[in-house]
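Working notes, structure below.
Each value in this text was obtained by applying a stated rule to the coordinates, not by laboratory testing. Source: prediction; values computed, not measured. Virtual Cβ from ideal backbone geometry, glycine too; neighbours counted across all protein chains shown.
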Amino acid sequence: MKLEFLKDEKDEVRVKLVGEDTSIGLLVVEKLAANKTVDFAGCNDDHPLLGNPVIVVKGKGAKKQLIEAVDEVKKELKDLEKAVEKA
């Protein structure tokens, strides 16, 4: 997966997910929205057929919060994988 940081500041990060759809972005945003130190989290797509959604995170330590949200999503997907393998 290729990422483009459109904005990388202390309290705001904008990341484009090149060649992806909003599925992954929305999973990450869900985790960010549950974080009380995040002021805003969103994911938008310029065009549903072209992909390239942008994740926007605003709040104290925005990039760190984004990394933690991605780690949470990875853990949940690993747990899902293990559950499917056992089934």
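Size of the dipole of the chain about the Cα centre, Lys and Arg at +1 and Asp and Glu at -1 on the beta carbon, nothing else charged, in debye to 20?
My answer is approximately 300 debye.
Rounding to the nearest 10 and keeping the result within 0 to 90°, find how far the Cα-based axis of helix 22-33 lies from the longest principal axis of the chain.
Long axis of 22-33 versus the principal axis of the chain: about 80 degrees.
Only Cα pairs within less than 10 Å get springs; with that Gaussian network setup on the chain, which residue of Val29, Val73, Val13 has the largest fluctuation?
Val73
Have a look at Gly61, Cys43, Leu80 and report the one farthest towards the positive end of the charge dipole of the chain, computed about the Cα centre with Cβ charges (Lys/Arg +1, Asp/Glu -1).
Of the listed residues, the answer is Gly61.
What number results when the radius of gyration of the chain, computed over Cα atoms, is divided by 2.2 N^0.38 Å? Show your work: numbers first, answer last.
Numbers: Rg = 13.6 Å, N = 87, 2.2 N^0.38 = 12.0 Å.
Here the Cα radius of gyration is 1.13 times the empirical estimate.
For helix 62-86, what angle does its Cα long axis make with the longest principal axis of the chain, in degrees from 0 to 90 and rounded to 10?
10
Note down the net charge around Met1, summing +1 for each Lys or Arg and -1 for each Asp or Glu among other residues with Cβ under 12 Å from its Cβ.
-1
Add +1 for every Lys or Arg and -1 for every Asp or Glu among the other residues with Cβ under 12 Å from the Cβ of Lys82, and state the total.
Net charge around Lys82: -1.
Among Leu27, Leu49, Leu66, which one moves the most in a GNM of the chain with springs linking Cα atoms closer than 10 Å?
Of Leu27, Leu49, Leu66, the most mobile in the Gaussian network model is Leu49.
Once every DSSP H run of n ≥ 4 in the chain is given -39500 (n - 2.57) and the sum is divided by its residues, what mean residue ellipticity at 222 nm do you get, rounded to the nearest 500 deg cm²/dmol?
-14500 deg cm²/dmol
Return the long-range amide H neighbours of Asp39 (sequence gap of 5 or more, or a different chain), with a cut-off of under 5 Å between placed amide H atoms.
Under 5 Å from the amide H of Asp39: Lys58, Gly59, Lys60.
Under a point-charge model restricted to the Cβ atoms of Lys and Arg (+1) and Asp and Glu (-1), what is the dipole moment magnitude of the stretch 40-87 relative to its Cα centre, in debye to the nearest 20?
Approximately 280 debye in magnitude.
Gaussian network model of the chain, Cα springs within a sub-10 Å range: biggest mean-square fluctuation belongs to which of Asp21, Asp46, Asp71?
Among Asp21, Asp46, Asp71, the largest mean-square fluctuation in the Gaussian network model of the chain belongs to Asp46.
For a quick check: with amide H placed at 1.01 Å from N, whose amide H comes under 5 Å from Asn52's, ignoring anything fewer than 5 positions away on the same chain?
Hits under the 5 Å cutoff: Gly19, Glu20.
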